[in-house]
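The values are calculated or read from the model by the stated rules, or taken from the named source; none is laboratory data. Bear in mind that the values here come from a model prediction, so they are computed numbers and not experimental data. Positions of Cβ are backbone-derived with ideal geometry, glycine not excepted, and every protein chain shown enters the neighbour counts. Accessible surface is based on the protein model in full, side chains and every heavy atom, while ligands, DNA and RNA are left aside. Shrake-Rupley method; radii C 1.70, N 1.55, O 1.52, S 1.80 Å.
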Amino acid sequence: GVPYEVIPGEPLDRNPDDNRRFLVRAIQYFLEYTARSREHSYVRYAGPEVIDGQSYERVYGTWGDGDPNDAFDQYVSYINLTTGRIEKIYYTVRDAAGFATGAIHFEDFRTIQGVSVPFLMSVTFDPDEEPEDYVHRMTVHRAKFSHDPPPARVAELSEDPSGSSANR
């Protein structure tokens, strides 16, 4: 589809702006990230991290051999073990900005058809930054899946010294 912008009191702007097109694709990807992350061919446990008193377990995922490259983005998921949710993702942006990085913070989780969905997503430059210091912020007002989602799969993380992928 064509991205558009609604400005109160002005006609609808259906200009196929590349920045808007990229943001629409990125929003969709991050909303689907927990399912899409299963597609990573390279997954590793990245260890614990505490940010503002909250403990996270981190998982690194990408494609290829795992080394940074210009063909595949890399992702570090910050998992809150109390809730089981991915609450932050630190990522690269190869498609639009070469070797740029960013972080997305997921908040205001609501259950839609049995799936926990973040209704507030804030983009910052770093996962340590407060979501209120966002560069972009997206708010979901309504959500509904066109089909019932499949049952949730829970991954058990294990630190594997052999270097093989974490259990999925």
Legend entry - Hz values of 3J(HN,Hα) by residue in segment 111-126 - Karplus curve (6.51, -1.76, 1.60), Gly and Pro given as x: 8, 10, 6, x, 10, 7, 10, x, 9, 9, 10, 10, 9, 10, 7, 9
Legend entry - Karplus (6.51, -1.76, 1.60) ³J(HN,Hα), θ = phi - 60°, over segment 134-148, in Hz, Gly and Pro reported as x: 5, 9, 9, 9, 10, 10, 8, 9, 9, 8, 7, 8, 6, 10, 5
Legend entry - Heavy-atom accessible surface of segment 54-107: percent carbon and sulfur, 1.4 Å: 51
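Is the shape of segment 18-79 best called rounded, prolate or oblate, per the rule: a/c under 1.5 gives rounded, else a/b larger than b/c gives prolate, else oblate, with a ≥ b ≥ c the square roots of the Cα gyration tensor eigenvalues?
Numbers: a/c = 2.05, a/b = 1.30, b/c = 1.58.
In terms of gyration-tensor shape, oblate.
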Legend entry - Label-point separation, Asp65 to Glu49 (7 Å along Cα→Cβ), nm: 2.5
Inset, instruction - Do me a favour and compute the ellipsoid semi-axes for segment 31-142 from its Cα gyration tensor, root of five times each eigenvalue, largest one first, whole Å. - result: 22, 16, 15
Legend entry - Cα-projected label distance for Phe109 with Ile27, points at 7 Å along beta-carbon direction, nm: 2.2
Legend entry - Theoretical gain in end-to-end length, Thr101 to His147 [0.36 nm per residue, Cα-Cα removed]: 13.3 nm
